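Quick note: the coordinates plus some simple rules give every number you see, no bench work behind them. In this text the structure is predicted, and so the values were computed from the model without any measurement. Cβ sites come from the backbone with ideal geometry, for glycine too, and all protein chains shown count toward neighbours.
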Amino acid sequence: MAAPSMEKSLLAGDRKEKITPLLLFSCMVACSGGFLAAYEHSVSGGVTSMESFLKQFFPSVYAEMKDDSKASNYCKFNSQVLTLFTSSLYIAGFLASLFASHATSRFGRRFSIRVGGAFAFVGAIIGGSAINLYMLIFSRILQGFGAGFTSQSISLYLSEIAPAKYRGAVFSFHSISYTGAMLLASLVNYGSQKIPAGWGWRISLGTAAIPATFLAAGSVFIPDTPVSIIQRGGDVREASQLLQRIRGTADVGQELDQLIAAASKAPTTVSPVLGTLRTIVRRNYRPQLVMSLALPIFRTLIGNNMVGFYAPVMFRTIGLGESASLLSAVVMRLTSMASSLVAIPLIDMLGRRVFFFAGGLELLVSLLTAGGIMAAQLGDHGAMSGGYASFMLALFCLFVSGFTWSWGSLTTLVTSEISPLEIRSAGRSVVVAVGFLCNAVMAQGMLLILCNLKWGIFFFFGGWVFVMTLFVLLFLPETKGLKLEEMGRVWEEHWYWKRFLLIREGGEDQRLLE
């Protein structure tokens, strides 16, 4: 919790901050990047369950899916080439994220947003018009490059442009755009698979060009963040005027002084790749480094790739038809959207930790119950009854609800707000790179793990949810309502992390420099 003196020092400035049209428009454009990324991620799960798509690009998988006498229910979709269609985006995103930090720091947040949108647009066009597997994979690689740049820059942009007291709400809106895109992907997949000619998957993949166009074009009309302008040696008066426009008040002197002070600690030039990470490995930044590594790893180990991205495949596994499996995915996305709407007014009121705990409980209950039902009711070659299949859908809805308002949205929010300016871009780069790498491994191995662990995969992920919730309880402090420049104090007051930050010298606290 923040110290009372810190809270009092923020109240006066916070009361004057407003939600301005420029802030709303800038957030809307930036959040379209989250919409784009979510659509690209989630559309692949539905497309890979479409028979027309499998016939054209993965005929061996289609033949095995149709031959019920040979393959186990858990192994029908186990093809490393098929999973490469999904994982190639994450692999490319990981590689792009290694360079995105340098570009974001040197050329600004808006530059990386624009580059990401351009890559995604070209990738969507190629994917929608693909005639062979090489074009298909190449399109996903281009989209991965775009996702690497946008994932690095958009969270930084939102955290730096949002007022402290509304930062949780802004990121909740980002989460809504994310869940909205997943809902749209499910609806598009459900509708396009009904096209008799069998080319509906082209609509599913090509539709990503629409949000990509909005993101790339919209980035022309939004400003860079004031802190980015100052960090890159821009005019302080320009940054001040922009800050006044964003905050809706002329009284921005205190915040501007904090931004200038933070920028003075950051390097004026950023060397590529390893150079951007040199500062964050110092001892006094140990809490931020650990969180930047641990939170995206834990987020992957929840099982969202299984329940979220591969939902249609999972429903085909338990015996539902093509249309029913895609419709079930739509129901899950509606649940996720509703959960995002509920979280908006509460994240800044109740805090981050409350939602981590509540979501963790939902995740644990849904995973353990689903694993028990799969073990008892689904054999290697059978199918579930309609009642049990409906109950599994309810459990999956409970899962996506818990994920949406905990690790789904809060991982991005917390990792974007905990780092001071001098390591903010590098810290975000670590989060994005680790997230993409873990997602690539999980996406590539998910169907293989499902084939080998079968129903035990639910208990595997459930065990990790318990570990993750315990980690939050012990090591993650509350960050609600604090300005980014004040965030360092939560670590100095934490029972464990304070040992890395402060030393006693002459009776005064001093930050460790190394």
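Placing a pseudo-label 7 Å from each Cα along the Cα-to-Cβ vector at ASN452 and PHE475 gives an inter-label distance of 2.6 nm. The gain in end-to-end length when the ILE210 to ARG237 segment is fully stretched comes to 6.1 nm, 0.36 nm per residue minus the alpha carbon separation. Were the residues from ILE260 through TYR496 laid out at 0.36 nm apart, the gain over their Cα-Cα distance would be 82.0 nm. The label point for ARG283 and the one for PHE357, both projected 7 Å from the Cα toward the Cβ, are 3.3 nm apart. Computed from backbone phi, the HN-Hα couplings of region 445-459 come to x, 4, 5, 5, 5, 4, 5, 8, 7, 6, 5, x, 5, 5, 6 Hz, rounded to whole numbers (Karplus: 6.51 cos²θ - 1.76 cosθ + 1.60, θ = phi - 60°; Gly and Pro given as x). Across region 189-206, rounded Karplus estimates of 3J(HN,Hα) from the backbone phi angles (6.51 cos²θ - 1.76 cosθ + 1.60, θ = phi - 60°) give 4, 5, x, 6, 5, 8, 5, x, 5, x, 9, x, 4, 5, 5, 4, 6, x Hz, Gly and Pro being marked x. Take each peptide in 256-263, 353-360, count the other Cβ atoms within 10 Å of every residue, and average; sorted highest first, the result is 353-360, 256-263.
Of the chymotrypsin sites (Phe, Trp or Tyr not before Pro) found in region 148-223, the ones in coil according to DSSP and having at most 14 other Cβ atoms within 10 Å of their Cβ are TRP199, PHE221. Extending 7 Å from the Cα toward the beta-carbon at both LYS55 and ALA250 defines two label points whose distance is 7.0 nm.
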